[in-house]
Amino acid sequence: MLKTLTAEQLIPAIEPDALGFSTTAELAGQAKPHAGWIGQADAEAAARFGLGVHHPGFHLIVIGDPGCGRTSLMLKLMHEYAAGLPVPRDLVYLHNFDNPDKPLALRVGAGSGARLRQSLDQFVRQLSRTMPGVLGDAVAVEAFLELQFAAIRQGLQIENGELRKLESYLIAVRQDIFDNLEVFQQAINIAQAASVFGASQGAAVEPGLNPDSESLLESYLLRFRANLLVDHRQQTTAPVIYDDDPGFQSLFGSFESGSEQASSLPEFMRLRAGNLLRADGGMLMLHLRDILNDQQNGPQILEKLHRFLRNGRVQIEESVTHAGHIASTHAVSDPVPVQVRLVLIATREEFYRLQEEAEDFARFFNVKVDFSDDFNAGNETYRAISSYIAERCEHFSLPHFTAEAVAKILQTMHRKVEDKARVSSRLADLQHLILAAAAEAGARQAQAQEGVRASLIDACDVSAAIEAEYKRHRSPEMQLLRSIVDGDLLIRVQGRQSGQINGLTHIDLGDAGFGSPVRISARCHAGEEGVINIDREVEMTGPNHDKGLFILQSWLSASFAKLTPLSLNASLVFEQEYHGVEGDSASCAELFALLSAISGIALPQGIAVTGAMNQHGEVMAIGGVNEKIEGYFRVCQAIGLDGAQGVMIPERNASHLVLNDEVVAAVRGGKFHIHTFGHVLEGLAFLAGLEPGMIGETGDYPAESVMGRVQRALENLRKIYDSNKPDE
């Protein structure tokens, strides 16, 4: 049944008094620990499960649109769970005397890695100073080394297995020193020769090694240093790392080469840890988009990650690049066992793409954390959002919001998802609106009293922020509006006309969208080709629009089955539309224009129509309904409101209406009208001002009904067609 909506039915009913506070200052400090998970109970439960399982093999895929809080909320929760995990061990690489190409990896307690590195650096300095003086005394050398080794062991937190590895290393150090005593002797010889030469020249010579002999020793002693790859001495919890620019080296580590300084170091000293090694014992967050969209190295990163997930080990490789693309790699370290909980952030489209392109890889992410795009509205939800607004005010040191301002914000969140029963989950948009409203409040207060900070942010400030954002994006709409007002685009919003109607289009600009009317016209004559769409014939329509047209034809033939095949040639066209037509939301308007052209019944040009129909004539919901209505209202307003203009929208879209204050005020004042219809015959009857007509047992409609007039016109077309048909 066709209904005319009241102003109160055009927006969600949010009473400021029902929110339970006067200003958000009353809510400051009342936010629950996990208040940010507003309406995301299922996602939070999944995230807590995935992070709380203390067994390897559980990795999380976090799905949601940017701005819904997926990254910030997950990072906060990761830090919360990391606080309950032990600080992992440091990772130190040492020279492998048996196989110098494969450095020795040593795990020591957090903070012991730095201590070991410092002890070995001290050991190297002591070797340089002491060995030349005891070189001829093997017992003295042995005693010196044992004293140094004791100092190295002192204070280290190291498990038994790693301790045995360290002891084996120290034994190898002792053996290497005894095997290379000639290096120390050569250094002494160089120093002595320099001393003799200097004395012969009458120069003062300092005792001990000179720079040349020290350089010789340093190149040898570098092998006794330690490379501290992962240092956890500053950590109090398990590591949580967010790699927002993942690359091959940032994830898996690297091998320094190319520079003169790097080439002088032993290979094990040139190894650098990646984030997988740094996150060992903790968690690592990545964005899937960063990997999939890396056209040069993305496939290699994905494959290497797949290997890590399969075997749980990380191997540092030296990569050879060509024009920024990794051409080849070769291992420079043995694989190191690593336990990291991976958290992969993705949109649904990215996740589905991953499943198509790398199904085996996607299977490792067996805990799905699905952030909803919207959630149910209600007092509890409104309270949670209000608390979030209060928390943001405190965080950014902003004035607090009045209850009226919060109600306006909640209304805007409803509009984001075009649903009176649900609100948007995009907290990023909410925060942007909070900051924009605060700026508007500051500007308003500055005008009223210079230099005084706004005490509260009111509903007018929120409205001003919304209006300012609309104005920043309205240039394309204004250009189109001027074309209509100037008569370049033929749009009539007054009077009646047969075979013509105003449809409503939605123009999506990516970061914004708006609605605008488009004239749909129909012409018909006797023939046998049926209904054609001129836009479709010239390939200016998309598949969804073509589907709607076929449904229209099916309904028309079924409604006049007694006359099928119809002796009709009819054409439909979107007038002055040069950029293509897609979507089926104009199928109802096309039907009305066609039936008007067939019957000669004039349609009111001030009523614009949007809605998709099915084969039974039922009207289905469409998208962009608010922008469509507001766009058409602005056209009527610019041309001149006469009190008869309005729109006709699907009945199922009534719950999606969240219109701006200007349209609501016009409806309340009787200057503009919004009608809903559930069946095409209801809409047709309203536009024609006649009864729609129900088909009788004989297959005929009442003569003076809309459908009766259409039937009579089709019968006349049949007679004309038969009379014009050449004799066979």
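All told, Leu147 meets the bar of being open to solvent by 60 Å² or more (accessible area, probe 1.4 Å), assigned to a helix (DSSP H, G or I) and over 22 Å from Pro337 (Cα atoms). The strands (runs of 3 or more DSSP E) located wholly in segment 233-352 that include 1 or more residues which are at pLDDT below 90, open to solvent by 60 Å² or more (accessible area, probe 1.4 Å) and over 29 Å from Arg48 (Cβ atoms) occupy 317-322, 325-331. Could you run through segment 552-595 and say how many residues are of a type in the set (S, T, N, Q), open to solvent by less than 40 Å² (accessible area, probe 1.4 Å) and within 21 Å of Ile622 (Cα to Cα)? Result for segment 552-595: 2.
Pairs linking a residue in segment 682-708 that is over 16 Å from Ser498 (Cβ atoms) and open to solvent by less than 70 Å² (accessible area, probe 1.4 Å) to a residue that is among the polar types (S, T, N, Q) and assigned to a loop (DSSP other than H, G, I, E, B), with Cβ atoms under 8 Å and 6 or more positions apart or on different chains, are Pro692/Ser705; Gly693/Ser705.
When you scan segment 136-144, do you find a residue that is in contact with a helix residue (DSSP H, G or I) (Cβ under 6 Å, 6 or more places away or on another chain), assigned to a helix (DSSP H, G or I) and surrounded by 19 or more Cβ atoms within 10 Å (Cβ to Cβ), even just one? The answer is yes; a qualifying residue exists.
Could we say that Val664 is among the aliphatic types (A, V, I, L, M), buried (at least 17 other Cβ atoms within 10 Å of the Cβ), modelled with pLDDT of 95 or more and in a helix (DSSP H, G or I) here? Judged against the criteria, Val664 is a match.
When each of Leu489, Leu435, Leu480 is tested for being more than 21 Å from Gly20 (Cβ to Cβ) and not in a helix (DSSP H, G or I), the lone residue that passes is Leu489.
For segment 411-440, a residue qualifies if it is open to solvent by less than 30 Å² (accessible area, probe 1.4 Å) and either aromatic (Phe, Trp, Tyr) or farther than 19 Å from Ala512 by Cβ (or both), and the qualifying residues are Val423, Ser425, Leu427, Ile434, Ala438. Candidates Leu549, Leu603: the one that is open to solvent by less than 10 Å² (accessible area, probe 1.4 Å), in contact with a Lys or Arg (Cβ under 7 Å, 6 or more places away or on another chain), closer than 28 Å to Gly696 by Cβ and not in a loop (DSSP other than H, G, I, E, B) is Leu603.
Would you pick out the residues in segment 673-714 that are in a helix (DSSP H, G or I) and closer than 15 Å to Ala558 by Cα? Explain how you work it out, then say what you get.
In the first step, residues of segment 673-714 are kept if they are in a helix (DSSP H, G or I); the result is 680-688, 706-714.
Selection gives Val680, Leu681, Met707, Gly708, Val710, Gln711, Leu714.
Consider segment 443-458 and keep the residues that are in contact with a Pro (Cβ under 8 Å, 6 or more places away or on another chain) and open to solvent by less than 50 Å² (accessible area, probe 1.4 Å). The one that is modelled with the lowest pLDDT is Ala454.
Take Ala18 and decide whether it is open to solvent by 30 Å² or more (accessible area, probe 1.4 Å), at pLDDT 90 or above, closer than 30 Å to Glu80 by Cα and not in a loop (DSSP other than H, G, I, E, B). Walk me through how you get there before you give the answer.
Values: open to solvent by 30 Å² or more (accessible area, probe 1.4 Å): yes; at pLDDT 90 or above: yes; closer than 30 Å to Glu80 by Cα: no; not in a loop (DSSP other than H, G, I, E, B): yes.
When the stated conditions are applied, Ala18 does not pass them.
Here is a check on your reading of the model: is Ile598 closer than 19 Å to Ala688 by Cβ, part of a helix (DSSP H, G or I) and open to solvent by 10 Å² or more (accessible area, probe 1.4 Å)? Yes.
Output the residues belonging to segment 358-369 that are over 13 Å from Ile345 (Cβ atoms) and under 20 Å from the mean Cα position of the chain (by Cα). Reasoning before the result, please.
Filtering segment 358-369 down to residues over 13 Å from Ile345 (Cβ atoms) leaves 358-364, 366-367.
Answer for segment 358-369, where residues must be over 13 Å from Ile345 (Cβ atoms) and under 20 Å from the mean Cα position of the chain (by Cα): Ala362, Val367.
Residues that are part of a helix (DSSP H, G or I) and either of a type in the set (Phe, Trp, Tyr) or more than 30 Å from His287 (Cα to Cα) (or both) do not occur anywhere in segment 100-107. Only one of the numbered conditions (1) modelled with pLDDT under 95; (2) open to solvent by less than 70 Å² (accessible area, probe 1.4 Å) is not met by Ile501, and that is (1).
Can you pull out the residues in segment 527-546 that are within 41 Å of the chain's Cα centre (by Cα) and outside any strand (DSSP E or B)? So that I can check it myself, show each step before the final result.
Applying the first criterion (within 41 Å of the chain's Cα centre (by Cα)) to segment 527-546 yields 533-546.
Listed by number, the residues that qualify are Ile534, Asp535, Arg536, Glu537, Val538, Glu539, Met540, Gly542, Pro543, Asn544, His545, Asp546.
Screening Gly631 against (1) out of contact with any helix residue (DSSP H, G or I) (no Cβ under 9 Å at 6 or more places or on another chain); (2) at pLDDT 95 or above; (3) not polar (S, T, N, Q) leaves a single unmet condition, (1). Scanning segment 606-621 for residues that are open to solvent by 20 Å² or more (accessible area, probe 1.4 Å) and either in contact with a strand residue (DSSP E or B) (Cβ under 9 Å, 6 or more places away or on another chain) or at pLDDT 95 or above (or both) yields Asn614, His616, Glu618, Met620, Ala621.
Condition first: among the small types (Gly, Ala, Ser), crowded, with 19+ Cβ neighbours inside 10 Å and on the phi < 0 side of the Ramachandran plot. Now tell me which residues in segment 65-108 satisfy that. Steps first, answer last, please.
Within segment 65-108, the subset among the small types (Gly, Ala, Ser) is 67, 69, 72, 82-84, 105.
From what is left, the residues that are crowded, with 19+ Cβ neighbours inside 10 Å are 69, 82, 105.
The answer is Ala82, Ala105.
The values are calculated or read from the model by the stated rules, or taken from the named source; none is laboratory data. Values in this document were obtained by computation on a predicted structure and should not be read as measured data. Glycine also receives a Cβ, built like all others from the backbone with ideal geometry; neighbour counts cover every protein chain displayed. All accessible areas refer to the heavy atoms of the entire protein, side chains included, with ligands and DNA or RNA removed. Shrake-Rupley method; radii C 1.70, N 1.55, O 1.52, S 1.80 Å.
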